[in-house]
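Notes follow the structure.
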Amino acid sequence: MFKRILKLPLDRYNSIFLFGPRGTGKTSWLKTHVKDALYIDLLDFSHDQALSANPNRLDTLIPPGYTNWIILDEVQRIPELLNEVHRLIEHKKYRFILTGSSVRSLRRSGVNLLAGRALRYTMHPLVIQELGDLFDLKKAIEFGLLPSVIEHPDPKKYLESYVQTYIREEVLFEGLTRNIGNFSRFLEAASFSQGQVLNTSEIGRELGLNRLTVSKYFDILDDLLLGIRISAFSQRAKRKIITHQKFYFFDAGVYNALRPIGPLDSREELDGAALETLFFQSLSAINDYYSYDYKIHFWRTLAGDEVDFVIYGPRGFHAFEIKRAANINSKALSGLKKFGDDYPEAKLYILFHGAQKEYYGNITAIPLQEALRELPKLIQ
């Protein structure tokens, strides 16, 4: 069992939404930290069948006078339950923790999201701070940081199964696409877009699909919490900035499991995208867990100058470039330097595979593993 950074306000009155992709450890965390709760697993067929037919039956599963937490696991399976949860919060003052690995069915069904009566939290894949000495950078780049990956004797096989049984089955269960074959081909195409500026028209041409269908498929990945799109940073822009978004699968291992590999694929290209993903998922987790409230962007001009990640918020302004190389050259620093010229207020970092910190004017180069370990302090 890993000591997770996530903290929920269990001493407060508010109910709680805990979202996160399947396999990130939501249920394990709750069973460890909320031991005396009434636990209702909506993946259990008996609960699913009974409550789908009549959501009001939820009240009959709760003992009279109950005052502890009530956990509804995978609430997106029965979106209509939220109306009953809302009623029970109002009339019986029950406290719920509602977990979900998708928000799409909740939005699509038009049910209320408890009208602000539940606080929202997110569980991410593991981060280096939670793994300690178990963290292995090479393995993290290849297999990602889902908890089961760390413990599994064959992480590659686990990830293949994860992609097959979870992603595709979840899409089918929610009825999100009528053509699973097209969506499966899209998933492979999306893996080629990892860390890239999205061009949905080009992806559509490659797949024989129209642009709107491709955009809908990316929306599905967003709502299933499997994909994240980030926008370009454009505040007080002094140069022409692109308007398209960049895309990432939420975990480096899931990306690698989806990405087809052939003789024409270079290891440098694959590892580069995975390395960038590893940093992004760690940055997203730390930002959420510590409530830093940064908005995560990238920066790219029409002239091609680029910085991988820009975070901007009440605590500061930071720019990060991620490089697979062990040595820093002037080309690697070019984007950060131009960004620094436009935004002298920003702190600039390049993360690389070197052995120790290096300094290039106002740019600090940090070995990647050290940067991941120091990230909470680096951006606080």
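The values are calculated or read from the model by the stated rules, or taken from the named source; none is laboratory data. All of these numbers come straight from a predicted model, not from anything done at the bench. Every residue, glycine as well, gets a Cβ built from its backbone with ideal geometry; the counts of neighbours run over all protein chains shown.
A single entry from Asp288, Asp305 fulfils the requirement of being touching a His at 6+ places or on another chain (Cβ under 7 Å), acidic (Asp, Glu) and surrounded by fewer than 22 Cβ atoms within 10 Å (Cβ to Cβ): Asp288.
Kindly indicate the residue of segment 80-90 that is touching a helix residue (DSSP H, G or I) at 6+ places or on another chain (Cβ under 6 Å) and surrounded by fewer than 22 Cβ atoms within 10 Å (Cβ to Cβ) and also farthest from Asp41 (Cα to Cα) among those meeting that condition. Filtering segment 80-90 for residues that are touching a helix residue (DSSP H, G or I) at 6+ places or on another chain (Cβ under 6 Å) and surrounded by fewer than 22 Cβ atoms within 10 Å (Cβ to Cβ), the one farthest from Asp41 (Cα to Cα) comes out as His86. The set of residues in segment 92-106 that are closer than 11 Å to Leu72 by Cβ and assigned to a helix (DSSP H, G or I) is empty.
Do we have any residue at all in segment 138-153 that's loosely packed, with under 15 Cβ neighbours inside 10 Å and farther than 23 Å from Thr27 by Cβ? Within segment 138-153, one or more residues are loosely packed, with under 15 Cβ neighbours inside 10 Å and farther than 23 Å from Thr27 by Cβ.
Filtered by the rule that a residue be among the charged types (D, E, K, R) and either free of Cβ contacts under 8 Å to residues at least 24 places away in the same chain or within 16 Å of Pro79 (Cα to Cα) (or both), segment 13-58 gives Lys31, Lys35, Asp41, Asp44, Asp48, Arg57.
The one condition from (1) surrounded by fewer than 14 Cβ atoms within 10 Å (Cβ to Cβ); (2) outside any strand (DSSP E or B) that Tyr359 does not meet is (2).
Only one residue in Leu207, Leu225, Leu198, Leu221 is surrounded by 14 or more Cβ atoms within 10 Å (Cβ to Cβ), in contact with a Pro (Cβ under 9 Å, 6 or more places away or on another chain) and of a type in the set (A, V, I, L, M, F, W, C). Which one?
Numbers: Leu207 fails: in contact with a Pro (Cβ under 9 Å, 6 or more places away or on another chain); Leu198 fails: in contact with a Pro (Cβ under 9 Å, 6 or more places away or on another chain); Leu221 fails: in contact with a Pro (Cβ under 9 Å, 6 or more places away or on another chain).
Every option except Leu225 fails the conditions.
Could we say that Leu348 is of a type in the set (A, V, I, L, M, F, W, C), crowded, with 20+ Cβ neighbours inside 10 Å, at negative phi and touching a residue at least 60 places away in the same chain (Cβ under 8 Å) here? Criteria not met by Leu348. Of everything in segment 26-67 that is of a type in the set (Asp, Glu) and part of a loop (DSSP other than H, G, I, E, B), the residue that is surrounded by the most Cβ atoms within 10 Å (Cβ to Cβ) is Asp44.
With respect to Ser15, is the statement that it is crowded, with 18+ Cβ neighbours inside 10 Å, hydroxyl-bearing (Ser, Thr, Tyr) and more than 21 Å from the chain's Cα centre (by Cα) true? Before you say what the answer is, go through the steps one by one.
Values: crowded, with 18+ Cβ neighbours inside 10 Å: yes; hydroxyl-bearing (Ser, Thr, Tyr): yes; more than 21 Å from the chain's Cα centre (by Cα): yes.
For Ser15, the condition - crowded, with 18+ Cβ neighbours inside 10 Å, hydroxyl-bearing (Ser, Thr, Tyr) and more than 21 Å from the chain's Cα centre (by Cα) - is met.
The residues of segment 362-380 that are buried (at least 18 other Cβ atoms within 10 Å of the Cβ) and closer than 22 Å to Ala237 by Cβ amount to a single one, Ile363. Any residue that is modelled with pLDDT of 95 or more and in contact with a Ser or Thr (Cβ under 7 Å, 6 or more places away or on another chain) - is there at least one of those in segment 176-188? No, segment 176-188 contains no residue that is modelled with pLDDT of 95 or more and in contact with a Ser or Thr (Cβ under 7 Å, 6 or more places away or on another chain).
Once segment 310-334 is narrowed to residues that are touching a Leu at 6+ places or on another chain (Cβ under 9 Å) and more than 20 Å from Gly361 (Cβ to Cβ), the residue that is surrounded by the most Cβ atoms within 10 Å (Cβ to Cβ) is Ile311.
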